[in-house]
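Let me begin by presenting the structure, written as structure tokens, before commenting on it.
The values are calculated or read from the model by the stated rules, or taken from the named source; none is laboratory data. Quick caveat, the model's predicted, so the values are computed rather than measured. FYI the Cβ positions are ideal-geometry reconstructions off the backbone, even for glycines, and counts take in every protein chain you see. Please note that ligands, DNA and RNA were not included when accessible areas were found on the heavy atoms of the full protein model with its side chains. Shrake-Rupley method; radii C 1.70, N 1.55, O 1.52, S 1.80 Å.
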Amino acid sequence: GKAFNRGGRPATLPPIEIHVTGTDGKAVRYKLGTSAKALEPGARFSFSSRLEALKDGVKTVHVDFSAEEN
């Protein structure tokens, strides 16, 4: 994925959260660090990750930024 800073000021990237829901309804959450990288206006941050698939299959994957900055 990619994150873009379309604002007029530098922005600090919070951790990335990945929510994976299996076909059985069970959910697993993963958090990827961004090293609190400062993203200048107009800049982008590309990221990728490889996760182990759930045993019973995957129904949905949702990727978002964490609301809390750790």
- [ ] Could you list, in sequence order, all residues of the range 26-40 that are more than 10 Å from the chain's Cα centre (by Cα), without any contact (Cβ under 8 Å) to a residue 24 or more places away in the chain and at negative phi?
- [x] A27, R29
- [ ] Give just the number: which of (1) over 15 Å from the mean Cα position of the chain (by Cα); (2) open to solvent by 50 Å² or more (accessible area, probe 1.4 Å); (3) not aromatic (F, W, Y) does H62 not satisfy?
- [x] (1)
Open item on the list: Being open to solvent by 90 Å² or more (accessible area, probe 1.4 Å) and either β-branched (V, I, T) or not in a loop (DSSP other than H, G, I, E, B) (or both) is the filter here; which residues of the range 30-59 pass it?
Closed with: K31, R44, K59
TODO: Could you give me the residue pairs with C-beta distances under 6 Å whose first residue belongs to the range 1-25 and is in contact (Cβ under 8 Å) with a residue 24 or more places away in the chain and acidic (D, E), whose second residue is assigned to a strand (DSSP E or B) and open to solvent by 50 Å² or more (accessible area, probe 1.4 Å) wherever it lies, and which are 6+ apart or on separate chains?
DONE: E17/K31; E17/D64
Open item on the list: Return the residues of the range 14-29 that are farther than 11 Å from V58 by Cβ, open to solvent by 40 Å² or more (accessible area, probe 1.4 Å) and assigned to a loop (DSSP other than H, G, I, E, B); say none if nothing qualifies.
Closed with: G25
TODO: For A3, state whether it is assigned to a loop (DSSP other than H, G, I, E, B) and surrounded by 11 or more Cβ atoms within 10 Å (Cβ to Cβ).
DONE: no
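Kindly evaluate D64 against the criterion of being in a loop (DSSP other than H, G, I, E, B) and out of contact with any helix residue (DSSP H, G or I) (no Cβ under 9 Å at 6 or more places or on another chain). Can you show your working first?
Values: in a loop (DSSP other than H, G, I, E, B): no; out of contact with any helix residue (DSSP H, G or I) (no Cβ under 9 Å at 6 or more places or on another chain): yes.
It is false that D64 is in a loop (DSSP other than H, G, I, E, B) and out of contact with any helix residue (DSSP H, G or I) (no Cβ under 9 Å at 6 or more places or on another chain).
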